[in-house]
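The values are calculated or read from the model by the stated rules, or taken from the named source; none is laboratory data. These numbers were taken from a predicted model, which means no experiment stands behind them. Here Cβ is always computed from backbone atoms with ideal geometry, including for glycine, and neighbour counts include all displayed protein chains.
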Protein chains: 2
Amino acid sequence: MSTKKLGEQTAALAHPPSFLGRACVAGHKEGEGPLASVFDEICPDDRFEQPSWEKAESAMQQHALNLALERAGGMPDWLFGGDLLNQCVASTYAVRDQTLPFFGLYGACSTVGEGLILASMVLDGDFGTRAGVVTSSHFCCAERQYRTPLEYGGQRTPTAQWTVTAAGAVILGREGPGPYVTHVTAGRIVDLGVTDTNNMGAAMAPAAYETIRTHFRDTGRSPADYDLIVTGDLGLLGSELLEELFRRDGVELSGCHVDCGLMIYDLEKQDVHCGGSGCGCAASVLTGHLLTEMERGKWRRILFCPTGALHSPTTAFQGESIPGICHAVAIDAAP
Amino acid sequence: MSTKKLGEQTAALAHPPSFLGRACVAGHKEGEGPLASVFDEICPDDRFEQPSWEKAESAMQQHALNLALERAGGMPDWLFGGDLLNQCVASTYAVRDQTLPFFGLYGACSTVGEGLILASMVLDGDFGTRAGVVTSSHFCCAERQYRTPLEYGGQRTPTAQWTVTAAGAVILGREGPGPYVTHVTAGRIVDLGVTDTNNMGAAMAPAAYETIRTHFRDTGRSPADYDLIVTGDLGLLGSELLEELFRRDGVELSGCHVDCGLMIYDLEKQDVHCGGSGCGCAASVLTGHLLTEMERGKWRRILFCPTGALHSPTTAFQGESIPGICHAVAIDAAP
């Protein structure tokens, strides 16, 4: 029997890895939102001086990664990365010039969580001293790939979310001052049959519910053990659904639950309907806001739960429902 | 310092994981090739009774996974999967009904190698007793996504490769009768500027060269230490390039080098130009042929090196070159 596996989906890290360097870079709209002050760099035109949106996304990811590497004070042994673009090209081209062993991930908007879990396990398994994770999303790339070209000027439905233009990078270390990754709960795929690609909060909420509930069961913890339970990008509707699902179990989450997709924009003023989404959403809120406030002592322990919708435009056209996934990472001021 | 990291890109597994269950399922054309007898199932029309090619690919992956799970005699703690489809949907929909924690990977045709590396590290890190890897590719999905719809009847260039319709699944165990994964060398991205998407062997050969060379340097081994060095899908031209690159270093690889893309089809008779490619190519040749022959004692030690081209149609249209990657896994009859 493994000594580190708890229950069905959770691992307790024997030697919790520490966050070392981190950085986040964002676009114009994100730079006008409530978290504007946390970004290391804000690009005024979302182009990052590149001739295409896809290259801009790679450049943004590169900026974030380079800054995180600088701050970590040493190169990682392994690098994990991913994004929303077909064949995950934003990450590939972003890390192409690095001479680092690279693992490409696809977990849709949950990718930063997947990366943190694998990086933590690899460090805890004694396979190196540092491991990096970098992810991104870009509104303009995502619109033309998943929905309609921007020039089309399509109307958005009330349940739609706005893909965040941002990249986040973190370097974890086997040793460090904290905060620490103490437990990881890898998600399983949950699909309750939602087919509306303009309502991804509803598609992902059951996955968030399953993973968070499993995390509690596997670790013996409850919401009271966390200062904050942070979902990735459920948005307004998905967050309500998640809290409602827990309420049916007699668990009140609303006091400690927040959602990165609701934190990154001002929903009243920024015309983003149900909130933000995208790999860069949870990644930039974690690296820019959550870890900073933990270091300042605002929160001692958080459960970071990025969520992803694992469909594609092709599967949607073929009438398939949207499978969701959520990965949870317990981050603690103490190891 | 880590006790398990060797050199820059390699990990030596302290407690080498064993192959437990494995299975491979293939399409019609593969079932007419030289490896026909190794497949557990051959689908006569490549449709797997599904209404679309994408659903057929998922079904094929499901068949392979279910069979491997059955043979492994127990469920894995973690499951890794990936494929070539946008948003890796073949894997997502294939594993949707499993209640297993799932890590989605994107390493193009190298995905089975990436999965084996991560699964091995997670088991060696004592995070569980079993871990699974499943990957696939399907000619018809790949053609319409990467090239032109089949109905278009496009001509193929002489350097083109044929995407293999196949899925392979393996379950690794912390304990088992072998063969064992003893060393893993994770690839870094290598891009020498090849832009011809119909010549992916040339784009991937430098990555294979870098990873295999790094593996030798990191482990102190040489080609003489292996009965076989098996690349994933360099095809005819890419294989020649790889051997030529080693020849410049004074290393003769041709005596022990084979390529899954050249093994799976009869190049004379099957009109596949430079050979096979796709995530399912290396995965099915490994699970169907290589491991079987190792168990029969034909080879004691092989270096399995799946290769991937990490571009997308969008990056190709934007004039970008094709980044390659290659992951190497040393498989040994003894732990």
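From the list B:Thr135, B:Thr111, B:Thr99, B:Thr129, the lone residue that is modelled with pLDDT of 95 or more, closer than 19 Å to A:Glu8 by Cβ and among the β-branched types (Val, Ile, Thr) is B:Thr129. Of the residues A:Ser137, A:Ser91, the single one that is more than 9 Å from every other protein chain (Cβ to nearest Cβ), among the small types (Gly, Ala, Ser) and touching a residue at least 40 places away in the same chain (Cβ under 8 Å) is A:Ser137.
All conditions in (1) in contact with a Lys or Arg (Cβ under 6 Å, 6 or more places away or on another chain); (2) within 14 Å of chain A (Cβ to nearest Cβ) hold for B:Met200, with the sole exception of (1). Consider segment B:296-335 and keep the residues that are more than 11 Å from chain A (Cβ to nearest Cβ), out of contact with any Asp or Glu (no Cβ under 9 Å at 6 or more places or on another chain) and not hydrophobic (A, V, I, L, M, F, W, C). The one that is surrounded by the most Cβ atoms within 10 Å (Cβ to Cβ) is B:Asp332. What is the residue count in segment B:216-252 for residues that are surrounded by fewer than 24 Cβ atoms within 10 Å (Cβ to Cβ) and among the polar types (S, T, N, Q)? Residues meeting the conditions: 2. For A:Glu49, the test of being acidic (Asp, Glu) and either touching a residue at least 60 places away in the same chain (Cβ under 8 Å) or within 12 Å of another protein chain (Cβ to nearest Cβ) (or both) is failed. Residues in segment A:313-335 that are acidic (Asp, Glu) and under 13 Å from A:Asp191 (Cβ atoms): A:Glu320 only.
Every condition in (1) out of contact with any helix residue (DSSP H, G or I) (no Cβ under 8 Å at 6 or more places or on another chain); (2) crowded, with 20+ Cβ neighbours inside 10 Å is met by A:Val184 except one, and the failing one is (1).
Given the structure, is A:Gln9 free of Cβ contacts under 8 Å to residues at least 12 places away in the same chain and within 13 Å of chain B (Cβ to nearest Cβ)? No.
Answer with yes or no whether A:Tyr152 is touching a strand residue (DSSP E or B) at 6+ places or on another chain (Cβ under 6 Å) and aromatic (Phe, Trp, Tyr). No. The residues on offer are A:Ala334, A:Ala330, and the sole one that is in a strand (DSSP E or B) and at negative phi is A:Ala330. Could you list all residues from segment A:31-54 that are part of a helix (DSSP H, G or I) and touching a Phe, Trp or Tyr at 6+ places or on another chain (Cβ under 7 Å)? The answer is A:Gly31, and nothing else.
So, in segment A:105-125, exactly how many residues are at the interface with another protein chain (Cβ under 8 Å from one of its Cβ atoms), free of Cβ contacts under 8 Å to residues at least 60 places away in the same chain and closer than 19 Å to A:Ala72 by Cα? The total comes to 2.
Of all residues in segment B:187-196 being hydrophobic (A, V, I, L, M, F, W, C) and over 15 Å from B:Ala328 (Cβ atoms), which is surrounded by the fewest Cβ atoms within 10 Å (Cβ to Cβ)? Looking at the filtered set, the residue picked out is B:Leu192. The set of residues from segment B:54-77 being in contact with a helix residue (DSSP H, G or I) (Cβ under 6 Å, 6 or more places away or on another chain) and facing another protein chain (nearest Cβ under 10 Å) comprises B:Glu54, B:Ser58.
On inspection, B:Ala11 fails the criterion of being assigned to a helix (DSSP H, G or I) and within 24 Å of B:Gly308 (Cβ to Cβ). Of the residues screened, B:Gly21 is one that is in contact with a strand residue (DSSP E or B) (Cβ under 8 Å, 6 or more places away or on another chain), farther than 27 Å from A:Cys88 by Cβ and either outside any helix (DSSP H, G or I) or among the hydrophobic types (A, V, I, L, M, F, W, C) (or both).
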